[in-house]
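Scroll down for the structure; my scribbles are underneath it.
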Amino acid sequence: MLASRLIFITLLTTLTACASAPDASQQASADTSVKLSQPQFNTALFEPRNSLVTPEQLFALTTEQQQDFLFDFNGRLAHLPENQRISEYLQDLTYGFNYKEQTYTASEAFALSAGNCMALAILTKGLADFVGVEIKFQRLTNAPVYDRNNDVVMVSDHVRARLYKPEPEAGSESKMFIFQRSWVVVDYFPSKDTRSSGLISTDEFLALYYRNRAAELMMAGQTDEAFAYAQEALRYLPKDADTLNIIGLLHRRAGDDQTAEALYQYALQQNPHNLNVLHNYQTLAKRQQRNVLVDELTQRIQAIPDSNPYTWIALAERAFEKGELDTALAMYSKAAESAPYVHEAYWGQARVHAAKGDTVRAKRVLERGLKEARLSATKRTYKAGWYSYQGVEP
């Protein structure tokens, strides 16, 4: 499986704004009906970085790796079509592959026999490009699987590689039947209940890589490098709301609330239903005590039919802390409906019932949660994945 895991980064550190909150007359609305231009980045906050991995470096293999690959490609696998040779080689190479939450280059993944699934996708393309086999990436719309590890929420989607059989030579009789050209799917953890939602272009793939690296670097505290990689991602997808969201977070963490807000507004113009951006914008408004804007953003968030259970769990936890027990119960119930295997949804419902003094219902909910968790245990298959990151502040 070449699975994508969308990560909602929860930043618990309290951030201090460098500017005072605007007064009520200056409070901006979240309305995105007015056409906005992309805000200027505050580049003075970040040291320039010119050592980014280039696309050529990303997919390149070392001379030794090329020789190792060709030894099998032209040897024991030579009886197979070229696309199948790569597939067979990868099956052997990745038999003991160690899944690490790191987006390695092709040569790094080859050398370390490790990485996340995007690293495997990159390695697959590196091999395919080396021997001239056409490769494309297909996005699938299987039901996502959600998980949370401490302060990180993970959502596993699915993308897989197609390695195409070489085209017949010009003038060949079979050239007439090119529409029947076959491919091999490179899919490390195949699932039967998947549907295609189209192919990913090379630019989209590269944008995902640079966005992933930006988020990995941001999580590691390497702010300058993260900013450089996010900027590079925008070269391939100039209006990508998730990349703009990361850049907004980087400005927010650097203390520039004004630019962060402008970036959130612009990102919402590109994708009005992006919950990550809405949450970050709402957090900024709360810290500035802009209650009208907070309420507006809250209504927009609650109106979105989000399938991520941790969105509703987060809302439920906040409502519970405020003593809004009915609202908390409704949010926990919504989380359980979207992902019945997430135990926090049932624990939360039980906590609300206990707070209301209804221990019988609390016990019943916990029993149901245990049953659902057991039934859904197989969905954990998708925990090994690659990452397209999206940051969310609490």
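The values are calculated or read from the model by the stated rules, or taken from the named source; none is laboratory data. Treat the numbers as computed from the prediction; the structure is a model and nothing was measured. FYI the Cβ positions are ideal-geometry reconstructions off the backbone, even for glycines, and counts take in every protein chain you see. These area figures cover heavy atoms from the full protein model, side chains too; ligands, DNA and RNA do not enter into them. Shrake-Rupley method; radii C 1.70, N 1.55, O 1.52, S 1.80 Å.
Being free of Cβ contacts under 8 Å to residues at least 60 places away in the same chain, loosely packed, with under 14 Cβ neighbours inside 10 Å and touching a Ser or Thr at 6+ places or on another chain (Cβ under 8 Å) is true for just one of Gln57, Gln91. Which residue is that?
On inspection, the qualifying residue turns out to be Gln57.
Being among the small types (Gly, Ala, Ser) and either outside any helix (DSSP H, G or I) or modelled with pLDDT under 90 (or both) narrows it down to one of Gly248, Gly255, so name that one.
It is Gly255.
Output the helices (runs of 4 or more DSSP H) that fall wholly within the stretch 283-362 and possess 1 or more residues being open to solvent by less than 40 Å² (accessible area, probe 1.4 Å) and within 26 Å of Arg252 (Cβ to Cβ), or say none.
Hits in the stretch 283-362: 291-303, 309-321, 325-338.
So if I check each of Lys125, Lys35, which one is under 18 Å from Ala207 (Cβ atoms) and open to solvent by 10 Å² or more (accessible area, probe 1.4 Å)?
Of the residues listed, the single one that is under 18 Å from Ala207 (Cβ atoms) and open to solvent by 10 Å² or more (accessible area, probe 1.4 Å) is Lys125.
Would the stretch 202-225 turn up any residue that is crowded, with 19+ Cβ neighbours inside 10 Å, of a type outside the set (S, T, N, Q) and modelled with pLDDT of 95 or more?
Yes, the conditions are met somewhere in the stretch 202-225.
Would a scan of the stretch 255-274 turn up a residue that is without any contact (Cβ under 8 Å) to a residue 40 or more places away in the chain, more than 27 Å from Pro55 (Cβ to Cβ) and open to solvent by 10 Å² or more (accessible area, probe 1.4 Å)?
Yes, the conditions are met somewhere in the stretch 255-274.
How many of the residues in the stretch 258-282 are among the β-branched types (Val, Ile, Thr) and not in a helix (DSSP H, G or I)?
Residues that pass the stated criteria total 0.
Please go through the stretch 336-394 and pick out each residue that is at pLDDT 75 or above and among the basic types (Lys, Arg).
Those that are at pLDDT 75 or above and among the basic types (Lys, Arg): Arg351, Lys356, Arg361, Lys363, Arg364, Arg368, Lys371.
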